[in-house]
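Worksheet: one structure, shown below.
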Amino acid sequence: MKQPAIRFYDEHPAPATMLEEVLQGLTSRPRCIAPKFFYDERGSRLFDAICELPEYYPTRTEMGILESCAGEVAKLAGPDGTLIELGSGASRKTRLLLEAMRPRQYLGIDISREFLRESAQLLAHDYPWLDVHAACADFLQDLELPDGAIEGRKLAFFPGSTIGNFDPHEALAFLVRVRRLIQPDGALLIGVDLKKDPQVLHAAYNDSAGITAAFNLNLLERLRRELGAVVNPQGFKHRAFYNDRRGRIEMHLVSRRAQDIRLNGHSFHFEPGESIHTENSYKYSVEEFHALARGAGLRPRQVWLDRARLFSVHYLGVHFRSRPRIA
């Protein structure tokens, strides 16, 4: 069967860029690798599996909020605009918005090329009235699209509390970048995980099926497959815990024994218990996140919570009368 037509823009970072970032992270102290590198095709599918786990509340909770507020979002966004999904994944949440809003255009942005292409083609097939665009790109960088590619008022959608993966200064810089993307009259719809009982958080990031552990360890598999690293993923274990002082979940890959990772002529020695810091997931109160948004030149217009106050969805407009704290 003929694939539906989509407009695809390939801005994927070159392998050398990934190599440079990984080498820099393994050289730094403490050692770290950015969580954006989780999302090759296998990593993206593992994350989808995580979202179905009983312990992992964010996805189903955010879905429930969106089901109840999609109509209100459509009224706030207005007709005939463009829906921009940042980190498109499988686009299941986006379908709720597409059906409520019926925008003129859709643009999905994701770093996982084939996963993005597949998701965009499914949307084009299921919504033949929709002009579908897809950009394989790192949405942490400014996105350059051809003139006239995206038209009308823009609603950027950033679900899943991915904003929590950024340190606060990075989150502020990201929100400034989104403000530039949606100005002058657009908006941002964003999911933000709330502060809560640390035991609930521990269970969500240490599931009994071990899928989050496999997701974390797949990062090392990706280094082997794509960068030629010499590393035994079984020599590391998954660790996730809540850092109360910093208000965040931390994920690490912890060395089980003395060993080396060899990559591109470099050797990185690990003693037992040494780790690679792979992800943060900051949790915010509503007031904390609103302060962050205002600092980026965004104006909180509406917020929706679930009954248990586990999760929040925010609608933010461009605040013309305020200047962001950074540029």
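The values are calculated or read from the model by the stated rules, or taken from the named source; none is laboratory data. Just so we're clear, the structure is a prediction, and the values are computed from it rather than from any experiment. Cβ coordinates were reconstructed from backbone atoms using ideal geometry, including for glycine residues, and neighbour counts include every protein chain displayed.
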Out of the stretch 172-181, which residues are surrounded by fewer than 21 Cβ atoms within 10 Å (Cβ to Cβ) and of a type outside the set (Lys, Arg)? Leu172, Ala173, Phe174, Val176, Leu181
When you go through Arg239, Arg179, Arg224 one by one, which is the residue that is basic (Lys, Arg) and in contact (Cβ under 8 Å) with a residue 40 or more places away in the chain? Arg179
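Each row is one residue, and each column tells you yes or no for (1) aliphatic (A, V, I, L, M); (2) modelled with pLDDT under 95.
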residue: Ala14; (1), (2): yes, yes
residue: Ser28; (1), (2): no, no
residue: Ala34; (1), (2): yes, yes
residue: Phe37; (1), (2): no, yes
residue: Thr61; (1), (2): no, no
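Rundown of residues vs (1) touching a Phe, Trp or Tyr at 6+ places or on another chain (Cβ under 7 Å); (2) surrounded by fewer than 21 Cβ atoms within 10 Å (Cβ to Cβ), yes/no style:
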| position | (1), (2) |
| --- | --- |
| Ile211 | no, yes |
| Leu223 | no, no |
| Gln234 | no, yes |
| Lys237 | no, yes |
| Ala240 | yes, yes |
| Asp244 | no, yes |
| Val254 | yes, yes |
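Conditions (1) of a type outside the set (A, V, I, L, M); (2) over 20 Å from Ala204 (Cβ atoms); (3) in contact with a Ser or Thr (Cβ under 7 Å, 6 or more places away or on another chain), marked per residue:
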position	(1), (2), (3)
Pro35	yes, no, yes
Arg60	yes, no, no
Gly71	yes, yes, no
Leu97	no, yes, no
Selection from the stretch 232-285 of residues assigned to a loop (DSSP other than H, G, I, E, B), in contact with a helix residue (DSSP H, G or I) (Cβ under 6 Å, 6 or more places away or on another chain) and closer than 29 Å to Ser161 by Cβ yields none
Within the stretch 257-313, can you find the residues that are free of Cβ contacts under 8 Å to residues at least 60 places away in the same chain and closer than 24 Å to Ala34 by Cβ? Gln259, Asp260, Arg262, Gly265, Ser267, His269, Phe270, Glu271, Gly273, Glu288
